[in-house]
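Notes for the one structure printed next.
The values are calculated or read from the model by the stated rules, or taken from the named source; none is laboratory data. This one's a predicted model, so the numbers in the text were calculated from it and none came from an experiment. With ideal geometry, Cβ positions are generated from the backbone for all residues, glycine too; neighbour counts draw on all protein chains shown.
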Amino acid sequence: MILGVAVVLILLTLFGMPIFAGLLGAAMLGLYVTGVDISAILIEIFRLANAPVLLAIPLFTFAGYLLSEGGTSQRLVRFSRSLFGWIPGGLGMVALVSAAFFTAITGATGVTIIALGGLLLPALISEKYGEKFSLGLMTTSGSLGLTFAPSLPIILYGFVSGASIEKLFIAGILPGVLMVGALCVFSLFVGKKLKLETPPFSLSEFIGALKAAVWEAPIPILILAGIYSGFCTATEAAALTVVYVLIIKTLVFQEIHIFKDLPRVMVESMKMVGGIMIVLGAALGFTNYLVDAFVPMKILKAFEVMIQSKIAFLLVLNVFLLIVGCLMDIFSATLVVVPLIMPLAQKFQVDPVHLGIIFLANLGIGYNTPPVGLNLFIASTRFDQPIVKLYRATLPFLLILMATLVVITYWPALSLFLPSLFGG
C-alpha cells in the first residue's frame, strides 16, 4: 500500500504535478510511516513564516519586479554597451554583464531570459554573431548572477545552513566574476574569429549612458556597502532597496504610477513570492521527515565507507548537484539538499560559506544542463526554438562554466578571501 502510494507520487511528479505537491505528499507519507504526527509539517511552515531573515525575500523580489518595469533593462544594456561595445565580441559581453546584474536583482533566471532576451537576441543576430552562438549565450546567461548580492538563493542557503548571509554575499563576488569573465573571454574570441565590426569608443555616449543608468547600476554596490559598513542588516538592506527603487521609478523616471501601476506590480511580485513560500513550506516538511528518519546520518555513514578523501567528496558533490539543478528549482533544492550535504561537508572540513558558493554555482549550471535544465525550456518557449537546438547551442558555454566550477570547487580561497579580508 505504502509502496504503491510512493510510486504514484513519483509518477505524478514526473508527469507534471507541481513539485510542492510532490514534496508535501512525500513528507506526509514519510511522517506517517515513521509514526510522527503530520502536524510537524504545519510547525515547520509556521517556523518558516516567522524567520526574520526570510523577510528579505519578498522585499528583494518586489524591488526586482519594480526594476523590471519601464526602461531599466534598456538603460543597463546601453551602459554596458558604452563600456564594452567597442571590443570585438563586445555585444556578447554586454548581454552577459546585463543578465548577471538582472538575475542578481530579480533572483529568478526565467525573468532574465524573458526580460532581456527580446532585447538582446535580435541585436546579437543582427550584428552577425550567428544564431547558434546568440541562442547559447542568452540561454546560459540567464543563470549568471546567482552568486551576486542580493540573490534570493544566497539568502535562503544562509537560512538553511546557518552560514552568515553577509559573508555569503561577499564570498560570491569573485566566483561570480570568474564565471561571467570566462564567458566574456569566449565572446571576445568569437568576435575576433568572426571579424565583427565594432563601433569606436565614444566618451560622449559613455557619459550619456552613465547619466541614464546612474540611479540603477550601483544598487548591488550600495547594498553591500550598507551591510559591510554596519549601517544595516541584509533584511534592512532589502527594505531600503524597495524604498530607493520605488523613489527612482515613481519620481525620477516616472515609469510607475503609484495608483495605476503599483498595485499591479505588487500583486505580480507577491504571486511569485507566494509560489516560492508554498514550495519552501512543502520542502521544509519533507526535510523534517528526512531528519526524523535519520537520513542525513545514514548517508554520512554510507559515504564514510565509499569516499575517503575531500577531493573525492567534492567530485561526487558536483555531479550530484548538477543532476539536482536539472530536476529541481533552486528554492526547493536548497531546503531539501542542503541539510543532507551539510554533515558530509563538516566531515570533510568544507567551509559552509565555500559550500554555499559551490552549491549555487552547480545549480546555476544545472539550469542549463540537458536534458531537462529549466533555462533550456524557458529559452525554447521565449525564442520559439526546438529544445534540441538549444542543447547544441549551449554546449560550448556549458563546458566553459564547468571549467570555472572546477576552479571554484577546488580553490576555496577564491570564495573565502574577501570574507576573511573584511572581518573573517
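For the range 374-388, residues that are of a type outside the set (A, V, I, L, M) and touching a Leu at 6+ places or on another chain (Cβ under 7 Å) total 3.
Scan the range 354-390 for residues that are more than 24 Å from Ile165 (Cβ to Cβ), aromatic (Phe, Trp, Tyr) and crowded, with 18+ Cβ neighbours inside 10 Å and the total you get is 1.
Selection within the range 17-70: residues that are of a type in the set (S, T, N, Q) and surrounded by 14 or more Cβ atoms within 10 Å (Cβ to Cβ). The member of this set that is modelled with the lowest pLDDT is Ser68.
Conditions tested, residue by residue: (1) surrounded by fewer than 16 Cβ atoms within 10 Å (Cβ to Cβ); (2) part of a helix (DSSP H, G or I).
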| site | (1), (2) |
| --- | --- |
| Pro220 | no, yes |
| Gly226 | no, yes |
| Phe231 | yes, no |
| Leu246 | no, yes |
| Thr250 | no, yes |
| Gly275 | yes, yes |
| Ala282 | no, yes |
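In the range 138-162, the residues that are under 18 Å from Leu67 (Cα atoms) and without any contact (Cβ under 8 Å) to a residue 60 or more places away in the chain reach residues that are of a type in the set (A, V, I, L, M) and assigned to a helix (DSSP H, G or I) with C-beta atoms within less than 7 angstrom, at least six apart or across chains, in these pairs: Gly145/Ala99; Gly145/Ala100; Gly145/Ala104.
For the condition among the acidic types (Asp, Glu) and within 20 Å of Ile165 (Cβ to Cβ), Asp351 qualifies. Counting only helices (runs of 4 or more DSSP H) that sit completely within the range 127-205, those holding 2 or more residues that are closer than 23 Å to Leu414 by Cβ and under 16 Å from the mean Cα position of the chain (by Cα) correspond to 152-161, 165-171, 173-194. So which residues in the range 323-366 are acidic (Asp, Glu) and over 14 Å from the mean Cα position of the chain (by Cα), if there are any at all? Passing the criteria: only Asp351. Scanning the range 252-267 for residues that are under 23 Å from the mean Cα position of the chain (by Cα) and surrounded by 15 or more Cβ atoms within 10 Å (Cβ to Cβ) yields a single hit, Val265.
Quick check on my filter: what residues within the range 79-105 are of a type in the set (A, V, I, L, M) and either assigned to a helix (DSSP H, G or I) or surrounded by 23 or more Cβ atoms within 10 Å (Cβ to Cβ) (or both)? Those that are of a type in the set (A, V, I, L, M) and either assigned to a helix (DSSP H, G or I) or surrounded by 23 or more Cβ atoms within 10 Å (Cβ to Cβ) (or both): Leu83, Leu91, Met93, Val94, Ala95, Leu96, Val97, Ala99, Ala100, Ala104, Ile105. Here is the figure for the range 351-387: residues that are among the β-branched types (Val, Ile, Thr) and at pLDDT 85 or above total 4. I'd like to check something: does the range 306-326 contain any residue that is surrounded by 14 or more Cβ atoms within 10 Å (Cβ to Cβ), at pLDDT below 75 and either closer than 28 Å to Ile57 by Cβ or touching a helix residue (DSSP H, G or I) at 6+ places or on another chain (Cβ under 6 Å) (or both)? Within the range 306-326 (the criterion being surrounded by 14 or more Cβ atoms within 10 Å (Cβ to Cβ), at pLDDT below 75 and either closer than 28 Å to Ile57 by Cβ or touching a helix residue (DSSP H, G or I) at 6+ places or on another chain (Cβ under 6 Å) (or both)), the answer is no, since none of the residues qualifies. When restricted to residues that are at pLDDT below 85 and of a type in the set (Val, Ile, Thr), the range 193-218 contains 1. Test each condition in (1) touching a Leu at 6+ places or on another chain (Cβ under 7 Å); (2) at pLDDT below 85; (3) over 19 Å from Gly64 (Cβ atoms) for Cys232 and report the one that comes out false. Looking at each condition in turn, Cys232 falls short on (3). Note on the range 209-250: among residues that are free of Cβ contacts under 8 Å to residues at least 12 places away in the same chain and over 22 Å from the mean Cα position of the chain (by Cα), the one that is nearest to Pro153 (Cα to Cα) is Cys232.
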